[in-house]
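Colleague: Let me begin by handing over the structure; questions about it come next.
The values are calculated or read from the model by the stated rules, or taken from the named source; none is laboratory data. Here the structure is a predicted model, which means the values were calculated and not measured. Note that each Cβ is placed from the backbone with ideal geometry, even for glycine, and that neighbours are counted across all protein chains shown.
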Amino acid sequence: MASRLALKSLRTAALARPAPRVVAQSVRFLATKPSPDERAEQIINSVPSSSLYTKTGGILLGTGLTAAAVSSELYVANEETVLAVGFLVIFTAIASSIGAPYSSWANGHIERIKGILNSARTEHTKAVTDRIESVSQLKDVVPLTESLYAVAKETNVLEHENFKLQQENAVKAELKSVLDSWVRYEQQQREAEQAALVKTVQANVESELSKPAFKKQLLEEALSQIEQLSKAKAI
């Protein structure tokens, strides 16, 4: 019942179409109608198979089975069959009309993805190559580091020796300054003691010379020495 209503609606829609449009569509259909060879090639290509023999065999087998079923009344063509064939034709037309744009879009999308993947692979390869080059430039880092470590160690030893010499020189200079100060102090003390001794001796001599008894004794000793010299005919 539903198929009959659908078929009736299709017929009504077909009758309700304006005449000029039908004429225009008929003219356009006739202008773009493919040749029998092209139509046969399209039908063969639409069969899902990879070999021409299997495609042709499938078409012949399907046609033979359909003819046998109709002739033996195993299958009776009715309105549902007409609708099914109509839908199949419409679906085939739609598929053939959108197949090329979809294939073009799919191929473009695939090419774009391929381009992205190729560019990513190229960039990755370039990054890996740059990294390898940078690492290869650092291949002399270990011996250079070892030589720098040896130089730094030697520099540290020299700086340590220099620091020890500076400390020794500083201690020696400090000891020399202390010893010089002690020598100067002792010299000053000796000079002070000698000056005090000279003053003491001078004071004692002056005090003795100031005594009359010492003067008399000194005079007598001088006279006795003179007499002895005169007796000895030394003068």
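Colleague: Tell me which residues, restricted to segment 136-150, are assigned to a helix (DSSP H, G or I) and surrounded by fewer than 10 Cβ atoms within 10 Å (Cβ to Cβ).
Modeller: 136, 137, 142, 143
Colleague: Give the residue, chosen from 158, 179, 197, 175, that is of a type in the set (A, V, I, L, M), closer than 30 Å to residue 215 by Cα and out of contact with any His (no Cβ under 6 Å at 6 or more places or on another chain).
Modeller: Result: 197 is the single residue among 158, 179, 197, 175 that is of a type in the set (A, V, I, L, M), closer than 30 Å to residue 215 by Cα and out of contact with any His (no Cβ under 6 Å at 6 or more places or on another chain).
Colleague: Here is a further query. How many residues are among the β-branched types (Val, Ile, Thr) and modelled with pLDDT under 80 when one looks only at segment 207-235? Don't jump to the end; show me each part of the working.
Modeller: Narrowing segment 207-235 to residues among the β-branched types (Val, Ile, Thr): 226, 235.
After this cut, where a residue has to be modelled with pLDDT under 80 as well, the list is 235.
Summing the residues that are among the β-branched types (Val, Ile, Thr) and modelled with pLDDT under 80 in segment 207-235 gives 1.
Colleague: OK, next. Do the conditions hold for residue 153, that is, is it free of Cβ contacts under 8 Å to residues at least 24 places away in the same chain, within 60 Å of the chain's Cα centre (by Cα) and either in a helix (DSSP H, G or I) or loosely packed, with under 10 Cβ neighbours inside 10 Å (or both)?
Modeller: Details: free of Cβ contacts under 8 Å to residues at least 24 places away in the same chain: yes; within 60 Å of the chain's Cα centre (by Cα): yes; either in a helix (DSSP H, G or I) or loosely packed, with under 10 Cβ neighbours inside 10 Å (or both): yes.
In short, yes.
Colleague: Examine segment 100-120 for a residue that is of a type in the set (A, V, I, L, M) and surrounded by fewer than 10 Cβ atoms within 10 Å (Cβ to Cβ), and state whether such a residue exists.
Modeller: First, pick out the residues of segment 100-120 that are of a type in the set (A, V, I, L, M): 100, 106, 110, 113, 116-117, 120.
Checking which are surrounded by fewer than 10 Cβ atoms within 10 Å (Cβ to Cβ) leaves us with 100.
Checking segment 100-120: at least one residue is of a type in the set (A, V, I, L, M) and surrounded by fewer than 10 Cβ atoms within 10 Å (Cβ to Cβ).
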